[in-house]
1. Kindly provide the set of residues from the stretch 27-40 that are open to solvent by 80 Å² or more (accessible area, probe 1.4 Å) and free of Cβ contacts under 8 Å to residues at least 12 places away in the same chain, ordered by number.
2. Could you check how many residues of the stretch 70-85 are closer than 21 Å to Gly40 by Cα and of a type in the set (Gly, Ala, Ser)?
3. Within the stretch 9-27, identify whether any single residue is in contact with a helix residue (DSSP H, G or I) (Cβ under 7 Å, 6 or more places away or on another chain) and of a type in the set (A, V, I, L, M), and answer yes or no.
4. Filter the stretch 41-70 down to residues that are in a loop (DSSP other than H, G, I, E, B) and open to solvent by less than 30 Å² (accessible area, probe 1.4 Å) and give me whichever is nearest to Ala113 (Cα to Cα).
5. Does the stretch 71-87 hold any residues that are open to solvent by less than 50 Å² (accessible area, probe 1.4 Å) and either within 23 Å of Thr14 (Cα to Cα) or part of a loop (DSSP other than H, G, I, E, B) (or both), and which are they?
6. Identify all residues within the stretch 86-115 that are closer than 27 Å to Ala46 by Cβ and either touching a Pro at 6+ places or on another chain (Cβ under 7 Å) or among the polar types (S, T, N, Q) (or both); write none if there are none.
7. Test Leu93 against the stated conditions and say whether it is touching a helix residue (DSSP H, G or I) at 6+ places or on another chain (Cβ under 8 Å), of a type outside the set (Phe, Trp, Tyr) and modelled with pLDDT of 95 or more.
8. Kindly indicate whether any position in the stretch 36-52 is touching a helix residue (DSSP H, G or I) at 6+ places or on another chain (Cβ under 7 Å), at pLDDT 90 or above and of a type in the set (A, V, I, L, M).
Amino acid sequence: MTTTISPELMQALTPRMTRYIPIVPHPKQQAFMWLPCQEGLYGGAAGGGKSAALLMAALQYVDIPGYSALLLRRTFPDLAKPGALMDMARAWLGGTDAHWSERDKQWRFPSGANL
């Protein structure tokens, strides 16, 4: 038996993507991005894509005026070390129309959104 999924269902099962998200999320990341709440838990070993999922989830709505997202780690060095969230965001957003404020440690988007 072959099952065909309707385009409407496929759209409903696909997380909101923006041009600022340069990778395709894997299923666990997609599930995290679909969460309807403002807080979620995503655990696992190092290298499982948790930081990428967090950044993708935050970037889903940066085209909406007034949107803000706050990404946290326990310490600033945990946020700023090579390969961590700030480094990943710089790799993804550098060269786009998003602008980094070193003073505020914040990305600003043309919509007025902040990360």
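The values are calculated or read from the model by the stated rules, or taken from the named source; none is laboratory data. Quick caveat, the model's predicted, so the values are computed rather than measured. All Cβ positions, even for glycine, are placed from backbone atoms using ideal geometry, and neighbour counts span all protein chains on display. SASA here: full protein model, heavy atoms, side chains in, ligands and nucleic acids out. Shrake-Rupley method; radii C 1.70, N 1.55, O 1.52, S 1.80 Å.
1. Of everything in the stretch 27-40, those that are open to solvent by 80 Å² or more (accessible area, probe 1.4 Å) and free of Cβ contacts under 8 Å to residues at least 12 places away in the same chain turn out to be Pro27, Pro36, Gln38, Glu39.
2. 1
3. Yes, the stretch 9-27 has at least one match.
4. Out of the qualifying residues, it is Val62.
5. Of everything in the stretch 71-87, those that are open to solvent by less than 50 Å² (accessible area, probe 1.4 Å) and either within 23 Å of Thr14 (Cα to Cα) or part of a loop (DSSP other than H, G, I, E, B) (or both) turn out to be Leu71, Ala84.
6. Once the filter is applied, which keeps residues that are closer than 27 Å to Ala46 by Cβ and either touching a Pro at 6+ places or on another chain (Cβ under 7 Å) or among the polar types (S, T, N, Q) (or both), the stretch 86-115 yields Trp92, Gln106.
7. Here the answer is no, as Leu93 does not meet what is asked.
8. Yes - at least one qualifying residue is present in the stretch 36-52.
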